[in-house]
Amino acid sequence: MKKIFKVLAVGTLALTLAACNSSATPTKDTTKTSNLTLEQVYDKAVDRQSDIKSASANMDMTQVTKVGSGEEAMEFSINSKMEMDIIVDPLAMHLSGSMSMPDMMSEGQETTDMPIEMYMKKDAGLFMKDVTTDSWLKLPDENFDAILDQTAASADAKEQLEQLKKFINDFTFEQTDKEYVLTLEAKGDKFKELIDSEINKSIEDMGLEENPMDQLTIEKINYVLHIDKETFDTNKMDMNFDLKMAVEGDELLMNTKSVVTYTDFNHLKTIDIPQSIVDNAQTIE
């Protein structure tokens, strides 16, 4: 969940890279053009963002991981489909969907589907369903408080804005008849400093001494944001990451592709956790 918030925060902040004063380049077959600059689009998107109290979204994600090389290499993929409802203040969230992953107990290429469901509410806590026992688990309150703090920090635009300014030359600004399209594509370790700063905060909160990201190499990062021309809502975000990491002497390669599509805004008044879940959930030790 924390990763989702951080990705959305970085994606939204991409709109702030406004040094270019030219209007968006029309894509093929675009007939309705706008002369707004990137800076103007950003201002309007921020104004709109401040009015959003709730949202619903679908997320499709595929993650392909390869470990080792030669005959000892192992490759597997995990596919996730999620539906999310989010209320901004006070923070509340309901996530449900499924995850398809390799069946480690089988000798072939069989996969298994695992349902996923989670509730999160500021005054109640974070609850996760244990599909193996068909029961609910609750995160300890002290861990939940840390998640809330980290989520709020990831939404702070001021600090991340300064970090993102250095990537201004990597953005393209286009438009279709209905949307502005902002694309960021970078190769190498250009984003490692930004990621490290976020990871280091988490490490301090968890009490870890070493940064597991020290062995990380960023091969490629690609964001594509789709901003509605009329409402300035973020309609969709496509993300593609190629990462490489050393793990216990082996090389791990990971490709993650995800698409987040927003289906509705400001339609939710509350997200209620069923009382039976609150009453019967077992706190994780």
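The values are calculated or read from the model by the stated rules, or taken from the named source; none is laboratory data. Everything numeric here is computed off the predicted structure, so don't read it as measured data. Methodologically, a virtual Cβ is constructed for each residue, glycine included, from the backbone with ideal geometry; neighbour enumeration extends over all protein chains shown. Surface areas here come from the heavy atoms of the whole protein model, side chains and all, with no ligands, DNA or RNA. Shrake-Rupley method; radii C 1.70, N 1.55, O 1.52, S 1.80 Å.
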Output yes when any residue across segment 273-285 is of a type outside the set (D, E, K, R) and under 16 Å from the mean Cα position of the chain (by Cα), and no when none is.
no
Scan segment 47-82 residue by residue and report those that are outside any strand (DSSP E or B), farther than 18 Å from residue 267 by Cα and free of Cβ contacts under 8 Å to residues at least 40 places away in the same chain.
70, 71, 72, 73
Selection count where residues are assigned to a loop (DSSP other than H, G, I, E, B) and either at pLDDT below 85 or surrounded by 17 or more Cβ atoms within 10 Å (Cβ to Cβ) (or both), scope segment 35-46:
1
Of residues in segment 125-148 being within 23 Å of the chain's Cα centre (by Cα) and of a type in the set (Phe, Trp, Tyr), the one modelled with the lowest pLDDT
144
Across (1) at pLDDT below 85; (2) open to solvent by 60 Å² or more (accessible area, probe 1.4 Å); (3) among the basic types (Lys, Arg), residue 32 clears everything bar (1)
Any idea which of 224, 247 is aliphatic (A, V, I, L, M), modelled with pLDDT under 90 and crowded, with 16+ Cβ neighbours inside 10 Å?
224
Of everything in segment 227-238, what is farther than 14 Å from residue 185 by Cα, open to solvent by 30 Å² or more (accessible area, probe 1.4 Å) and either of a type in the set (S, T, N, Q) or not in a loop (DSSP other than H, G, I, E, B) (or both)? Give them in sequence order.
228, 231, 235, 236
Across segment 58-105, which residue is farthest from residue 234 (Cα to Cα) among those that are of a type in the set (Asp, Glu) and in contact with a Ser or Thr (Cβ under 9 Å, 6 or more places away or on another chain)?
103
For segment 270-284, give me each residue that is of a type outside the set (A, V, I, L, M) and part of a loop (DSSP other than H, G, I, E, B).
270, 272, 274
Filter segment 58-77 down to the residues that are modelled with pLDDT of 90 or more and aliphatic (A, V, I, L, M) and list them by number.
59, 61, 64
